[in-house]
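Input: a single structure, listed below in C-alpha cells.
The values are calculated or read from the model by the stated rules, or taken from the named source; none is laboratory data. No experiment lies behind these values; they were computed from the predicted model shown. Here the Cβ positions follow ideal geometry from the backbone for every residue, glycine too, while neighbour counts run over all protein chains shown. Only protein heavy atoms, including side chains, enter the accessible area calculation; ligands, DNA and RNA are left aside. Shrake-Rupley method; radii C 1.70, N 1.55, O 1.52, S 1.80 Å.
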Amino acid sequence: MKILKRMWPFILVSLIVFYGCPWVAGRLHKDNMLVILVTPYLCFAIGFIYSYLDRLSKVLPILCVIMAIPAIFLFYTSTAWSYPIFFGLSILVGECAAVLFEQIPGR
C-alpha cells in the first residue's frame, strides 16, 4: 500500500494520457496515429521520471496496462489489444533507462 501512495501522481498522469489524448484527438478530428505515436513517448517519460525519483517498479507498468484496457473500447477498435501492452512496455523501458542513467559515472 505504501508503494501505491507514492505512485498516485504517476497513475493519475497515466490516466490523463490514456484517456485524455484520444479524447482530444477525437475532438480535434485528428487521426489516431498521432495518439499512437505520442502516447508511448509520454509513457516512457512517466516511467523514467518515476524510476528516477523513486525506484524501478514492476507494479506501475502492470497497473498502466490494466488501466489502458478500457480505452480500447472507448477510443479504438477491438483490434487494438496490443496498445496497452505496448504502453506498459514503454513505461518499463523508461524505468530501465532511468536506472541506467543513474549508473552513469561522473553524474
*What helices in the chain pass both tests, a Cα length along the helix axis of 15 Å or more and a mean Kyte hydropathy of 1.0 or higher, using whole DSSP H runs?*
32-53, 59-75, 82-102
*Reported label for calculated log10 I(q)/I(0) by the Debye sum over Cα atoms at q = 0.10, 0.16 Å⁻¹ given (1) -0.42, -0.73; (2) -0.29, -0.68; (3) -0.24, -0.63*: (2)
*Before rounding to the nearest 500, sum -39500 (n - 2.57) across all DSSP H runs of length at least 4 in the chain and divide by the residue total; then give [θ] at 222 nm in deg cm²/dmol.*
-25000 deg cm²/dmol
_Can you give me the % of accessible surface on the chain that is carbon or sulfur? Probe 1.4 Å, all protein chains present, nothing else counted._
75 percent
*Q103-L37 pseudo-label distance in nm [points 7 Å out on the Cα-to-Cβ vector]*: 3.3 nm
_Could you compute how fast region 59-107 diffuses translationally, taking Rh as the Kirkwood radius over C-alpha pairs and applying Stokes-Einstein at 37 °C with viscosity 0.692 mPa s? Give it in µm² per second._
273 µm²/s
